[in-house]
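Some notes on the structure that comes next.
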Amino acid sequence: MKFVAFSALALATSVSAFSPTAFAPRTSTSLSARKPFIAGNWKMNPGTKDEAVALGKEIAGAFSSSTPCEVALFAPYPFLDATVDAVGSSGVKVGAEMAFTEGKGAYTAEVSVSMIKSVGCNWALAGHSERRTLFGESDEDINKQVLNLLNNDVGCILCIGETQAEYEQGLVGPICTTQLKKNLLGVTPEQMANVVIAYEPVWAIGTGLTCPASEAQDVHATCRSVLADMYGQAVSDTVRIQYGGSVTPETVDELMAKPDIDGALVGGASLVAEKFSRIINFEEAKVSA
Ligand code: PEP
């Protein structure tokens, strides 16, 4: 559990806001916990529904009362229903990898928020780098998706992060700042209770290159200060910021020991039940922050 200073504003905000995964119960009015949150992004995997069900069941079996974080699986649309059934009452959440901005109508191949909610999903990703780079989603498109999810009481993991070229030009801070400001435009402080940020350096996604934990911590701290400028320190202190980019059982403990790293968004390793099970059951505070 990561404890942060807590103020009257944050209390008012959190009490009034709907939260699909409420923060852990507070032990006092002077402290608020950011409960770690680790999510698997299955992307366009696995190949069949049976494989998805088997994977969901194995991961759910590894989630227990001693697991130190919330866990969610982001699955392809055709497997959402079956994955919800597979994880059953384990406490593992299932979300969609995206949701289109319109409610219904002539939008061939798109999937709406009401569709994903109707199969038991209260979370979705927005702004994954593959959507930005391969499918041309703009900051404005992503902002519409974020607002649509939040306005329909669905939690949102907003993915941000710089490309390799931007990293090499020293633009990590400005890129993350711009994406946060553009992608969260119009999101209210109350709605931030349903937003998780995933900082994912694009050069680390699926490459085996992990951003060093200390560098990731610096970027997370920068993101938190941008959120403080946008929403005030109290709200910023409650927003969970995940790291994403080639997270493995070998790297998770050091990442999770950092004060502003509140979880992980995991691609490749979330497809291997044994690896993802170790990641969600990371060893708390075994590595000095
Ligand atoms: C991702 O797709 O968000 C991701 C972080 O993938 P990987 O863990 O494979 O780098």
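Listed values, structure above:
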item: Taking N as its residue count, the alpha carbon Rg of the range 33-188 over 2.2 N^0.38 Å; result: 1.09
item: Protection proxy ranking, peptides 68-76, 44-52, 175-183, average beta carbon neighbours within 10 Å, highest first; result: 68-76, 175-183, 44-52
item: The range 213-289 - charge dipole about Cα centre, Lys and Arg +1 at Cβ, Asp and Glu -1, debye rounded to 20; result: 180 debye
item: Simple label model, 7 Å out from Cα along Cβ direction - L134 to A165, nm; result: 2.0 nm
item: DSSP-defined antiparallel bridges as percent of all bridges, the chain, nearest 5; result: 10 percent
item: Where N is the number of residues in the chain, Cα Rg divided by 2.2 N^0.38 Å; result: 0.92
item: Globularity ratio of the range 148-289, using Cα Rg and 2.2 N^0.38 Å; result: 1.03
item: Farthest toward positive dipole pole in the range 89-183 [+1 Lys/Arg, -1 Asp/Glu at C-beta], among I142, H128, V94; result: V94
item: 222 nm mean residue ellipticity, helices alone, for the chain (DSSP H n ≥ 4; -39,500 (n - 2.57); rounded to 500); result: -10500 deg cm²/dmol
item: Max mean-square fluctuation residue, GNM over the chain, Cα-Cα springs under 10 Å, options S129, S64, S114; result: S64
item: Selected from A82, A165, A204 as most flexible by GNM, with the chain as the system and alpha-carbon contacts under 10 Å; result: A165
item: Pairwise FRET efficiency - L209 versus E102, Cβ, R0 = 25 Å, nearest 0.05; result: 0.10
item: Lysine pairs with alpha-carbon atoms under 17 Å apart, the chain, spacing 8 or more or separate chains; result: 16
item: At R0 = 45 Å, FRET efficiency that the Cβ-Cβ distance of E51 and Q233 yields, to 0.05; result: 0.50
item: Gain in span if fully extended, E58 to A285, counting 0.36 nm per residue against the direct Cα distance; result: 79.1 nm
item: Relative contact order computed over the chain (Cα-Cα under 8 Å; 6+ residues apart), in percent; result: 21 percent
item: Net charge, R278 excluded, C-beta distance under 10 Å - Lys, Arg +1, Asp, Glu -1; result: -3
item: Solvent-accessible area, 1.4 Å probe, carbon plus sulfur percent, for the chain; result: 55 percent
item: Accessible area per residue, Å², the chain with all protein chains present, probe 1.4 Å; result: 42 Å²
item: Point-charge dipole on Cβ atoms (K/R +1, D/E -1) for the range 62-200, about Cα centre, debye to 20; result: 260 debye
item: Mean Kyte hydropathy of -0.5 or more with a Cα span along the axis of at least 24 Å, helices from DSSP in the chain; result: 213-231
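The values are calculated or read from the model by the stated rules, or taken from the named source; none is laboratory data. On a predicted model such as this, the values are computed, not experimentally measured, just so you know. When we count neighbours, we look across all protein chains shown, and the Cβ atoms used for this are built from the backbone with ideal geometry, even at glycine. Surface accessibility is based on the protein's heavy atoms, side chains included, excluding ligands, DNA and RNA. Shrake-Rupley method; radii C 1.70, N 1.55, O 1.52, S 1.80 Å.
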